């Protein structure tokens, strides 16, 4: 946002880029939460013991 305004861009462009970036970050966070939601539990079988 600051970069757009510093190079004489319009406020509408700066806010649009800011909104797009924020939206992509929210979507990315939701996808990560969805991916890690159903993590399988570790099996309860004991580890093999050396003989």
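The values are calculated or read from the model by the stated rules, or taken from the named source; none is laboratory data. All values derive from a computational prediction rather than experimental measurement. Using ideal geometry, Cβ is built from the backbone for each residue, glycine included, and neighbour counts are taken over all protein chains shown.
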Original post:
Hey, any hits in region 5-26 for a residue that's part of a loop (DSSP other than H, G, I, E, B) and surrounded by 10 or more Cβ atoms within 10 Å (Cβ to Cβ)?
Top reply: yes
Original post:
Taking the condition touching a helix residue (DSSP H, G or I) at 6+ places or on another chain (Cβ under 9 Å) and loosely packed, with under 10 Cβ neighbours inside 10 Å, does residue 45 pass?
Top reply: no
Original post:
Given the structure, is residue 38 modelled with pLDDT under 95 and not in a helix (DSSP H, G or I)?
Top reply: yes
